[in-house]
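Data first, discussion second: the structure below is written as structure tokens.
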Amino acid sequence: MDRDDPAYKGQSGYNPFMLAIYDPWVLGFMSRAVWRCPIPEAVERYRRHLGHRHLDVGPGTGYFIEKAEPSPGTEVTLLDPNPHVLRRASRRLAAMHPTTVEADVMKPLPVPHGFDSAALSFVLHCLRGPDANKAIAIRNIADVLAPDGVLFGGTVLGLREHHTPQARAVVRVFNWEGGFDNLGDTADGLRQILRESFESVEVEITGSVAYFAATRPHR
């Protein structure tokens, strides 16, 4: 991705070193101590929504897909603008023979249509705001889902929502550094941009995180 691209900062921190410590640091410590969102709950959501043809947008290290234990024969496509992420996740999930696509979710997705499920886990808070801009990513994913497909994931909310003092401080720092762009992100705003692209929307808040599932994309 070009350094001048508005989306560059949100993904540039995922270098080999960060990916090496991501599971214990982000999924272990940060999720529990700062965001107050137990990772087993997120894994269970993956397990619940994962379809036969699955698109994972921003797969990180591949942790969630691996722990969700997809059924044999599940077709997994990993999409991310960062080649480090794709290499790390595809190695971890090698037994699933994933397809990797280096692409930006803010642009039309260069993948076949008809996915049964798509995950957007802990990605929206990294995308450039405001909500109208993040809605583009939602629409691009909706466009490649099957008529009964589901988009699911989670995102850290902004400062207008309830946070502990520690979480509020971390949100401010991450926005200042450029890794996050979510100061104004709210649960109501998330519902709105999901409803623009889907008929059915569910949003549930756990700690500082909004988990969501949206089905039946508008055509």
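Restricted to segment 32-47, and to residues that are outside any loop (DSSP other than H, G, I, E, B) and touching a strand residue (DSSP E or B) at 6+ places or on another chain (Cβ under 8 Å), which residue is farthest from residue 83 (Cα to Cα)?
Step one: filter segment 32-47 for residues outside any loop (DSSP other than H, G, I, E, B), giving 32-34, 39-47.
Of the ones still in play, those that are also touching a strand residue (DSSP E or B) at 6+ places or on another chain (Cβ under 8 Å) are 41-42, 45-46.
Values: 41: 28, 42: 25, 45: 26, 46: 23 Å.
Ranking the qualifying residues of segment 32-47, first place goes to 41.
Within segment 191-219, being under 21 Å from residue 39 (Cα atoms) and in contact (Cβ under 8 Å) with a residue 40 or more places away in the chain holds for 205, 206, 207, 208, 209, 210, 211, 212, 213, 214. Before we move on, is residue 74 among the hydroxyl-bearing types (Ser, Thr, Tyr), more than 19 Å from residue 201 (Cα to Cα) and in contact with a Ser or Thr (Cβ under 7 Å, 6 or more places away or on another chain)? No; evaluated as a whole, the condition is false for this residue. Of all the numbered requirements in (1) touching a residue at least 40 places away in the same chain (Cβ under 8 Å); (2) more than 17 Å from residue 198 (Cα to Cα); (3) touching a helix residue (DSSP H, G or I) at 6+ places or on another chain (Cβ under 9 Å); (4) of a type in the set (A, V, I, L, M, F, W, C), residue 101 misses one, and that requirement is (1).
Scanning segment 51-107 for residues that are buried (at least 16 other Cβ atoms within 10 Å of the Cβ), over 18 Å from residue 26 (Cα atoms), of a type in the set (D, E, K, R) and in contact with a Leu (Cβ under 7 Å, 6 or more places away or on another chain) gives 56, 80.
Among the residues of segment 103-158, just one is part of a loop (DSSP other than H, G, I, E, B), in contact with a strand residue (DSSP E or B) (Cβ under 6 Å, 6 or more places away or on another chain) and not hydrophobic (A, V, I, L, M, F, W, C), namely 114. Scanning segment 35-65 for residues that are closer than 19 Å to residue 100 by Cβ and acidic (Asp, Glu) yields one hit, 56. Looking at segment 133-156, can you tell me whether even one residue there is surrounded by fewer than 18 Cβ atoms within 10 Å (Cβ to Cβ), at pLDDT below 95 and farther than 25 Å from residue 88 by Cβ? No, segment 133-156 contains no residue that is surrounded by fewer than 18 Cβ atoms within 10 Å (Cβ to Cβ), at pLDDT below 95 and farther than 25 Å from residue 88 by Cβ.
State the number of residues belonging to segment 194-219 that are over 14 Å from residue 125 (Cα atoms) and assigned to a strand (DSSP E or B).
To start, the set of residues in segment 194-219 that are over 14 Å from residue 125 (Cα atoms) comprises 194-207, 213-219.
Now restrict to residues that are assigned to a strand (DSSP E or B): 198-206, 213-217.
Count: 14.
Restricting attention to segment 174-188, does a residue exist that is assigned to a helix (DSSP H, G or I), more than 15 Å from residue 120 (Cα to Cα) and of a type in the set (A, V, I, L, M)? The answer is yes, given that some residue of segment 174-188 is assigned to a helix (DSSP H, G or I), more than 15 Å from residue 120 (Cα to Cα) and of a type in the set (A, V, I, L, M).
Picking from 191, 168, which residue would you name as being modelled with pLDDT of 95 or more, part of a helix (DSSP H, G or I), closer than 26 Å to residue 115 by Cβ and not hydrophobic (A, V, I, L, M, F, W, C)?
Numbers: 168 fails: closer than 26 Å to residue 115 by Cβ.
Only one candidate qualifies: 191.
Return yes or no: is residue 9 modelled with pLDDT under 95, out of contact with any strand residue (DSSP E or B) (no Cβ under 8 Å at 6 or more places or on another chain) and charged (D, E, K, R)? Considered against the rule, which asks whether it is modelled with pLDDT under 95, out of contact with any strand residue (DSSP E or B) (no Cβ under 8 Å at 6 or more places or on another chain) and charged (D, E, K, R), residue 9 comes out as yes. In segment 112-123, of all residues being surrounded by fewer than 18 Cβ atoms within 10 Å (Cβ to Cβ) and touching a Leu at 6+ places or on another chain (Cβ under 9 Å), the one that is nearest to residue 149 (Cα to Cα) corresponds to 114.
The values are calculated or read from the model by the stated rules, or taken from the named source; none is laboratory data. Predicted, not measured: the structure shown is a model, and the values here were computed from it. When we count neighbours, we look across all protein chains shown, and the Cβ atoms used for this are built from the backbone with ideal geometry, even at glycine.
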